[in-house]
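Each remark here refers to the structure printed beneath this line.
The values are calculated or read from the model by the stated rules, or taken from the named source; none is laboratory data. Only a predicted model underlies this, so the values are computations on that prediction, with no experimental measurement involved. With ideal geometry, Cβ positions are generated from the backbone for all residues, glycine too; neighbour counts draw on all protein chains shown. Ligands, DNA and RNA are excluded from the accessible area calculation, which covers all protein heavy atoms including side chains. Shrake-Rupley method; radii C 1.70, N 1.55, O 1.52, S 1.80 Å.
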Amino acid sequence: MTRIVAGTVGGRVLAVPRAGTRPTSERVREALFSRLEHLDVVDGMRVLDLYAGSGALGIEAASRGAQQVTLVDSARDAVDACRRNVAALGLADRVQVVAEKAERFAQRAPLAPWDLVLVDPPYDLTEPDLADVLTGVASSLSAHAVVVVERSSRTPEPTWPDALERFDRRAYGDTVMWFAELAGAR
């Protein structure tokens, strides 16, 4: 069972796709959002959740005060789960669901820059494909933006485009979170 950890819809249970996703555990989401709130990139911010699955990461951000969240996934079951969750939680005014490949969506310029980008791709996504996604989003970030990539601890550090530099790495069991920002932001 996947539920939102905190915020306005904290404790509410999410629908999850029948197959093809591995929702981020509550423990990892709690630790991740504690870190993100410390970095001041959640409340009032624009958030992009690529490879959204159930939408748990993006919906957690909305529950904790994100101004606008976009959930992107191409799998029909995932998109349906995201739409059901957004409707059931009454978040349609702040959370948009986009049925599109994350690789394609990342290449388009948004209406306004992203403040937080959450990238939780399937573990079998190739490193070159992940690098292409990161290159795409790098040009669409606000000056203070944070990009978080969730991967298996068995995969290497993502290949960051020149525009991004890693500033943190957090491990939670078999899950690793890589944090990056615009190069020279610190």
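Worth pointing out:
- Any pair with Cβ under 6 angstrom, 6 or more apart, that starts in the range 150-171 at a residue that is outside any strand (DSSP E or B) and ends at one that is of a type in the set (Ser, Thr, Tyr): Pro161/Thr135
- Selected residue (only one of Val97, Val16 is in contact with a Leu (Cβ under 9 Å, 6 or more places away or on another chain) and either crowded, with 16+ Cβ neighbours inside 10 Å or outside any strand (DSSP E or B) (or both)): Val97
- Note on the range 55-78: residues that are surrounded by fewer than 24 Cβ atoms within 10 Å (Cβ to Cβ) and either of a type in the set (D, E, K, R) or in contact with a Ser or Thr (Cβ under 9 Å, 6 or more places away or on another chain) (or both) amount to 5.
- Some residue of the range 119-127 being in a loop (DSSP other than H, G, I, E, B), over 18 Å from Thr175 (Cβ atoms), open to solvent by less than 60 Å² (accessible area, probe 1.4 Å) and in contact (Cβ under 8 Å) with a residue 12 or more places away in the chain: no
- Selection count, the range 114-141, where residues are hydroxyl-bearing (Ser, Thr, Tyr) and under 16 Å from the mean Cα position of the chain (by Cα): 3
- Within the range 174-186, the set of residues being open to solvent by 10 Å² or more (accessible area, probe 1.4 Å), touching a residue at least 40 places away in the same chain (Cβ under 8 Å) and either among the hydrophobic types (A, V, I, L, M, F, W, C) or outside any strand (DSSP E or B) (or both) comprises Leu182, Ala185.
- Pick from the range 30-46, criterion touching a Lys or Arg at 6+ places or on another chain (Cβ under 8 Å), of a type outside the set (A, V, I, L, M, F, W, C) and touching a residue at least 24 places away in the same chain (Cβ under 8 Å), ranking: least open to solvent (accessible area, probe 1.4 Å): Arg35
- Being more than 16 Å from Val149 (Cβ to Cβ), out of contact with any His (no Cβ under 8 Å at 6 or more places or on another chain), of a type in the set (Ser, Thr, Tyr) and in a loop (DSSP other than H, G, I, E, B) is a description that applies to Ser54.
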